[in-house]
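What follows is calculated from the coordinates using simple rules that are stated; it is not laboratory data. Keep in mind it's a predicted model, so treat the numbers as computed, not measured. Every residue, glycine among them, receives a Cβ derived from its backbone with ideal geometry; neighbour counts consider all protein chains shown.
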Amino acid sequence: MLRLGIDIDGTVTAQDTFVPYLNQSFQCAITLDDMTEYDLTKLLKISNDEFWGWMDQHEPLIYQQAKLADGAKDILNQMKNQHKLIYITARRQHLTDVTYAWFEENQVHYDDIELVGGHHKLEAVQKHNIDVFFEDHHGNATMIAKEADIPVILFNSPYNQMPVDDRIIRVNNWKEASQWIKQYEKRLQTAN
């Protein structure tokens, strides 16, 4: 049984979740393909303070209404029988109730959920003794792979196309992620 660490936003939820809200609020017409950096302030031509003011106002509704990434629910609910599913998210603490309600409403299994309130997930990864991490943020994936010395499955996106090392496995969807986990399990069993 592996202990799987799983990011939520852009990994379990659809990567374009924020797009309609950004377009409405900022009167623009961006698509996911336009989001070539994780930091959206340059794309939106706003300051960091303006962005976080907007997030404070819109985050709860966005997370409440977030759509699942294709295949995420089925594959996670299959994985629950073989592995521990521990969600480690950059969401801030005031979003705890919204986060748990979303998991219940969407019937996505979890063994634990930790809201770390920023992109420093390493401490939570170590605390939960994570074996493999699922992420969409390039910086997080790189830090976790290097510092925790574990494989990180990175969900491909226009905003995470920087180079990766051999501990990071790029996938395009949950089906590919699931196939990699199955192969990894076989390698571990063979090694033992």
- Message: Given the stretch 19-65, report the % of alpha carbon pairs whose separation exceeds 11 Å.
- Response: 69
- On Cα atoms only, tilt of 96-106 relative to the major axis of the chain in degrees: 70
- Note on the structure: When THR89, THR11, THR17, THR96 are ranked with the fewest other C-beta atoms within 10 Å first, the list becomes THR96, THR17, THR89, THR11
- Message: Just to be sure I understand: with springs between alpha-carbon atoms less than 10 Å apart, which residue in ASP165, ASP74, ASP149 has the highest mean-square fluctuation in the Gaussian network model of the chain?
- Response: ASP165
- Query: Helix-derived [θ] at 222 nm for the chain: sum -39500 (n - 2.57) over DSSP H runs of at least 4, divide by residue count, nearest 500?
  - Reply: -13000 deg cm²/dmol
- Message: Between LYS175 and PHE26, what is the label-point separation in nm under the 7 Å Cα-to-beta-carbon projection?
- Response: 3.3
- Task: Would you kindly derive the ³J(HN,Hα) couplings of the stretch 135-152 from the backbone phi angles with the Karplus curve 6.51 cos²θ - 1.76 cosθ + 1.60 (θ = phi - 60°), listing them in order in whole Hz, with x for Gly and Pro?
- Result: 8, 10, 8, 4, x, 5, 4, 5, 5, 5, 4, 6, 6, 8, 6, 10, x, 10
- Candidate values [x] 30; [y] 48; [z] 34, label of the one derived for percent of Cα pairs over 25 Å apart: [z]
- Any idea what the relative contact order of the stretch 82-192 is, in percent, if you count C-alpha pairs under 8 Å spaced at least 6 apart? 19
- Would you work out the relative contact order for the chain, in percent, from Cα pairs under 8 angstrom that are 6 or more residues apart? 26
- Computed from the beta carbon distance with a Förster radius of 30 Å, FRET efficiency for LYS67 and LYS182 to the nearest 0.05 stands at 0.70
- Query: Which distance in nm do the two modelled labels at VAL164 and LEU44 give, with both placed 7 Å along the Cα-to-Cβ direction?
  - Reply: 2.7
